[in-house]
Amino acid sequence: MKNILIAGNLPQDCLQLMGQHFNLLRMDQATDKDAFLAKHAASIDGVSGGAIDGAMIDKLPNLKIIANFGVGYDNIDVAAAKARDIVVTNTPNRLNAAVAELTLGLMIALARRIPKNHEMVRNGHWPSVKRAPLTGQLAGAKLGILGLGRIGKAIAKRADACDMEISYFGRTDQQNDYRYFDDLTSMAAHVDWLVIIAPGGEGTDKLVNANVIEALGPEGFLVNIARGSIVDETALILALEQGKLGGAALDVFENEPHMPDTLRNLPNVVLSPHAGSATHVTRQQMGAQVVDNLVAFFETGKALDPVT
Ligand code: NAP
């Protein structure tokens, strides 16, 4: 039986399924992780769970596959893995609907002030306020998507159903029905909403900077459902404080689960604890996808979802 190192957190049902096919080495449960790794290093065939950096890859002489739980793999040193022909897999597609659903949920919550109105009613202030304050709406507004990939398209489909006008920015013009911008700041100046759903990592680090945020403007809204690293969080907070940006809905943060108190206390934000794919069905399917990749790789030599 092949040995899979469990390097970080994985859902229970994923571990159970994996345990039916492989011998699991639970480094996640070890108190002295370095000693655990040193003891088992030579016997490890695959790794799953958590962040896998180059130093860890170097310690595993027989490692053949890293099976990531999640579609984003900026937590893995893919270059170090490739240099040793170690296959890296992820979990694309099965989480598209859940992430897109939360994105629209956050947008509607921000546009229609759902959390604020909820607090107002819950705290018994409705009788004194009398009428709900008027808000913006999604219908008729312009949406710009940074990263029209698998999840971006699922978001576009749902935004289309909300009667939004859709544009996108990425490195390639996909020649589809949506308007393509080859410049992010220009798209930000054109739209009311900027939704970020591109991968994290070097290529997108702080891509959404002060200029992009200012171009979005005082009536504009920013939604980050991708990775905290893509946004200059300091510039974002400043713009929100100074009224240079209308509002933000954030599922991801630069240093999650932590964030500056100023961000937490701003009135014009909706905050979510990195919950994009966090539904029972989706997480169960992602877990199965991790195991399917490991099984396919060890049985046929080919993984189902290798990252390129
Ligand atoms: P995907 O299908 O690979 O799409 C990524 C999109 O980003 C592509 O359209 C790509 O277009 C664009 N892109 C890539 N690099 C870029 C760059 N340097 N500049 C501009 N655009 C760039 O990925 P996906 O499956 O939709 O997932 C997207 C990301 O969502 C993941 O990587 C992950 O970080 C995040 N995510 C978050 C959650 C959550 O819980 N909040 C859950 C799932 C995923 P071009 O190639 O044309 O540039």
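Let me know the charge dipole size of the chain about its Cα centre in debye, to the nearest 20, where only the beta-carbon of Lys, Arg (+1) and Asp, Glu (-1) is charged. Before the final figure, lay out the partial values.
Working: 28 positive and 34 negative charges, 158 e Å.
In debye, rounded to 20, the chain gives about 760.
Length gain on complete extension for the stretch residue 205 to residue 101, per 0.36 nm per residue less the alpha carbon to alpha carbon distance? Walk me through the numbers before you get to the answer.
On the way: separation 104, 0.36 × 104 = 37.44 nm, distance 2.51 nm.
Contour length minus the Cα-Cα distance gives 34.9 nm.
Just to be sure I understand the model, the point goes 7 Å from the Cα along the line to the Cβ. What's the resulting residue 242 to residue 108 distance in nm?
Spacing of the two 7 Å Cα→Cβ label points: 3.5 nm.
What whole number of Å gives the distance from the Cα centroid of segment 66-91 to the Cα centroid of segment 238-308?
Result: 17 Å between the Cα centres.
Hydropathy first: keep DSSP H helices in the chain averaging at least 0.0 on Kyte-Doolittle, then drop any whose Cα extent along the axis falls short of 15 Å, and list what survives.
Going by DSSP H runs, the hits are 96-111, 280-300.
How high is the FRET efficiency between residue 258 and residue 33 when r is their beta carbon distance and R₀ equals 22 Å, given to the nearest 0.05?
Working: r = 22 Å, r/R0 = 1.02.
Step by step, r from the Cβ atoms, then E = 0.50.
Considering only DSSP beta bridges whose two residues both sit in the chain, what percent are antiparallel, to the nearest 5?
Working: 2 of 39 bridges.
That works out to approximately 5 percent antiparallel.
So if each residue of separation counts as 0.36 nm, and I subtract the Cα-Cα distance between residue 16 and residue 150, what length gain in nm does that give?
Numbers: separation 134, 0.36 × 134 = 48.24 nm, distance 2.86 nm.
The residue 16-residue 150 span can extend by a further 45.4 nm.
If packing is taken as the average count of other Cβ atoms within 10 Å, what order do 83-89, 124-130, 227-233 fall into, highest mean first?
Top of the packing list down: 227-233, 83-89, 124-130.
Gain in length, residue 119 to residue 271, computed as 0.36 nm per residue apart minus the alpha-carbon separation, to one decimal in nm?
Length gained, residue 119 through residue 271: 53.3 nm.
According to the square roots a ≥ b ≥ c of the eigenvalues of the Cα gyration tensor, what is the shape class of segment 37-187, taking rounded for a/c under 1.5, prolate for a/b larger than b/c otherwise, and oblate for the remainder?
In terms of gyration-tensor shape, oblate.
With a ≥ b ≥ c taken as the square roots of the eigenvalues of the C-alpha gyration tensor of the chain, please select rounded if a/c is under 1.5 and otherwise prolate if a/b is larger than b/c or oblate if it is not? Walk me through the numbers on the way to the answer.
On the way: a/c = 2.16, a/b = 1.84, b/c = 1.17.
The shape class here is prolate.
Take the Cβ-Cβ distance between residue 83 and residue 62 as r, set R0 to 22 Å, and report the resulting FRET efficiency rounded to the nearest 0.05.
My answer for the efficiency is 0.90.
If you average the C-alpha positions of segment 110-139 and of segment 148-195 separately, how far apart do those two centres end up, in angstrom?
Computed from Cα coordinates, the inter-centre distance equals 29 Å.
For a quick check: sort 300, 31 by the number of other beta carbons within 10 angstrom, fewest at the front.
So the residues, fewest neighbours to most, are 31, 300.
Relative to a virtual label point 7 Å from the Cα of residue 296 in the Cα→beta-carbon direction, which members of segment 1-31 show backbone nitrogen distances below 11 Å?
No residue qualifies, since no backbone N sits under 11 Å from the label point.
Laboratory data are not the source of any read-out in this text; all were calculated from the coordinates shown. Remember, it's a predicted structure, so these values are computed and weren't measured experimentally. All Cβ positions, glycine included, derive from the backbone under ideal geometry; neighbour counts span all protein chains shown.
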